[in-house]
1. Tell me which of these residue 944 doesn't satisfy, since it passes every other one: (1) closer than 18 Å to residue 980 by Cα; (2) at pLDDT below 70.
2. Mind checking whether some residue in the range 400-417 is buried (at least 16 other Cβ atoms within 10 Å of the Cβ) and within 25 Å of residue 461 (Cβ to Cβ)?
3. Residue check, residue 395 against (1) within 29 Å of residue 616 (Cβ to Cβ); (2) at pLDDT 80 or above, all met but one. Which one?
4. Answer yes or no: is there a residue in the range 259-266 that is closer than 18 Å to residue 165 by Cα, more than 41 Å from the chain's Cα centre (by Cα) and at pLDDT 80 or above.
5. Would you please name the residue that is farthest from the chain's Cα centre (by Cα), looking only at residues in the range 28-48 that are under 18 Å from residue 72 (Cβ atoms) and assigned to a loop (DSSP other than H, G, I, E, B)?
6. How many residues are closer than 18 Å to residue 413 by Cα and in contact (Cβ under 8 Å) with a residue 24 or more places away in the chain if we restrict to the range 362-383?
7. For the range 1005-1032, name all the residues that are without any contact (Cβ under 8 Å) to a residue 40 or more places away in the chain and surrounded by fewer than 22 Cβ atoms within 10 Å (Cβ to Cβ).
């Protein structure tokens, strides 16, 4: 067993396999290289070397070109098929340049002519190892990126099997393994089961194994990874099913925050190859990324199952279930909740009801009371309110709900259940209404007050828009009392008597005045109980006057109809006769613009109420006639709400009004004639003060208003404001007359306002956000503690300052002056609306740069004008500094890439000193052309990067050819042309942010297809490569070369001008010519 973090202590520069059919040369070369620090293996034939390459990993292949059997080129091809990153070098003593070119095209890195010296070989091997390491690093980088991409791809998947399959596929690919399996713990945690298998024994899929046994069990228990070679002989992890075919295996625990979520097993069975440290590292990265995803997916599946169970209960519950925010926005609702309010579905309800309190609650204050109880008690039980339904009708709802808060105690929403209790409420309401009306009828009130009270009770308990009672007056039946009818309707409908052209009253067949409309039919008894809209007791009712008028003929109405109720918009209408014995003395009318408000049961109930009202009115009228004279005298004294009393010089109560019973609960006779100290109606600590005030008034003075605390009969304290004056007899004050007004409710309201103001003050002082209030002129009038901390000033120091004034400058986050008209204060004042998230910076009193996020809102006076502006201010300095730090880090990464590019460019120029600076000059000219053509910044960056390393492929061209002082032969030229293809192979694996590899690959293409290496035409060539092609030609011709002197910039410009539209694109050529001839550009 070997832990995967263990490293091999025998470090070497690199591993080289040497192949040469000359045994002495091969052995000597191996010994020489080993003395230089390389690990070597030598073979006489390509077949022997190839067999070892399949089992072991090497960095370099150094092979003879001409060998019996498999020659060097065939060996290179076969070696690259096994390891694409293998660096191959050809040794030949008989080859030609043509043979070398063929080897380079096959994939050879370089070639050497025999015999060669060590000081020639070693630099070549060093360069080859650099390329090998660069390729391996790029491959690892690419694999790591692929792992991260896999993590992103599966992070949002909820399909556990799909995630497991992708993980297994990725592990199989990363390690070039033969078998992969993933085992997951069971729910009990006592077993592991095989969840997915790749490339191995699929019959094991789904098998369970005790966590106390086997390799995977040991890894799961110990939370450690292991690498096992050959058969396992460690008794601690003896396999449940031993296998002799596994050459090497790795098992890794899959952990998410120290919790085991699985075990990943990877096996190699078909070769003797070992896992590389890079593969094990990649595998470890894969496990660390996917383990939390597996854990989250498992949790998601559990949550989804629970949600489905909850959803089933939620959707099928009889009770209405809801969630809503305190501001009235519905978050969720089940079908039963939607049906309660007359909607077909929760979606329809939530789409149409955006503010539950104001749209659903008939009384918004009741909705506010619900919120208040939730805020103070955290729940409500059997909270009842009246609600608007979709069809305009109203329903009574009973709700049970509680608040939902997060772990910090912040209120998130309300949730609870509701049920429709309309029927119960109607029954209760009718019983209550009947009781209250009977109590009202039995009270000793006059007819006007009696009817007012009854109509008020009817309107309050039935929620009808308009109610009224007609009583006989003379020959007509005008409205006696109404509630809710418009003045125009009452003026038009007040009288029912029909009149002729001369204005005289029209009489019916019995000699009585003819009463028009449906009210006249009910009052005159012109009703037919066989019609559905009349009752046996002579009432009329309809739930839609529009429908009623459409369906009935004039004859069916029993008389002339005015239709004013319908034209006024009333749809639900009921007319109930008021009877006294057999006589109809009046009519009760209930009207509403909503349809379908009546039922036959309700009409019968109203008829019972109407009978009681009729009897009571008749009785009351007769009683009133007898008492009228007496009532006139006593009315004022008995109905005054203030207490009126008198006190003599002996401090005795001489008289007191009956209102004392309403205020203090005493009857007048319980107090009259007694000293004030004996009756104990004044609080003891007020008694001495009262004596002093009485003596003051007896001296002839007045007390305009003073507050005393009284003690009611039930012990409750009542606050009364007393005015006192002397009662004179023969010019002297014989007693004190006092008027006391009960102001208890007013005092309680004042105390409540004080408490509310105190609470607001506490909120302002302790808020975690800075709060500032500025007056209409922009000067600060209030600042809380947090604002003091943000600005480094006390509230006193800030008071009177104007925000953004010269002594308090404001800038944007980049330090630029902030226009006064764009400040939050100016925005609020100009728009009259709140502003949110405005960002600016100030310099605090400690000379510290402070970055702020400001919200502002107007405060209006009673007239609706903006009187002040309140701001909440958050200090976002730390967040701003963090953003700047991130920007610096990104800049460093970009500079790191630029430095790497320059280093790669220097490698090329080291081998070709005659063209030193060529790539940089080409890059500079390419960038200038791109800027002239207004290409994007991203394209310009890509051009600069590609230009710096476009000739990197020349690393494979022998230095002696690059620096050859004479004209190149055809074969040498062909060898140099391979640099574009080689450069592409070097750059393509690197994850550049731009298409650098393609640009370098195409920089020798021409728009007419005559270029190389692919013969691309026109737009098939990247525009960046087309620009680079022009810049490359201009710089090359203008600069010195080993085989010729510099031709000069004029010759170079003539070349591109001559071939404009042939080799080079017109716009790019024109831009280049413009740079040199008009803008003075120079190659530097």
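The values are calculated or read from the model by the stated rules, or taken from the named source; none is laboratory data. Given the structure is predicted, the values throughout are model-derived calculations rather than measurements. Cβ coordinates were reconstructed from backbone atoms using ideal geometry, including for glycine residues, and neighbour counts include every protein chain displayed.
1. (2)
2. In the first step, residues of the range 400-417 are kept if they are buried (at least 16 other Cβ atoms within 10 Å of the Cβ); the result is 401, 403, 413-414, 416-417.
Now restrict to residues that are within 25 Å of residue 461 (Cβ to Cβ): none.
No.
3. In the conditions (1) within 29 Å of residue 616 (Cβ to Cβ); (2) at pLDDT 80 or above, residue 395 misses (1) alone.
4. So in the range 259-266, the residues closer than 18 Å to residue 165 by Cα come out as 261-266.
With the extra rule that they be more than 41 Å from the chain's Cα centre (by Cα), the set shrinks to 266.
Those still in the list that are at pLDDT 80 or above too: 266.
The answer is yes; a qualifying residue exists.
5. Across the range 28-48, the extreme among qualifying residues is 44.
6. Of the residues in that region, 8 qualify.
7. Answer for the range 1005-1032, where residues must be without any contact (Cβ under 8 Å) to a residue 40 or more places away in the chain and surrounded by fewer than 22 Cβ atoms within 10 Å (Cβ to Cβ): 1009, 1012, 1013, 1014, 1015, 1016, 1017, 1018, 1019, 1020, 1022.
Yes/no per residue for (1) touching a helix residue (DSSP H, G or I) at 6+ places or on another chain (Cβ under 7 Å); (2) under 21 Å from residue 458 (Cα atoms); (3) modelled with pLDDT under 90; (4) not assigned by TED's automatic domain parsing to the domain that holds residue 607:
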| site | (1), (2), (3), (4) |
| --- | --- |
| 478 | no, yes, no, no |
| 492 | yes, no, yes, no |
| 501 | no, no, yes, no |
| 511 | no, no, yes, no |
| 536 | no, no, no, no |
| 550 | no, no, yes, no |
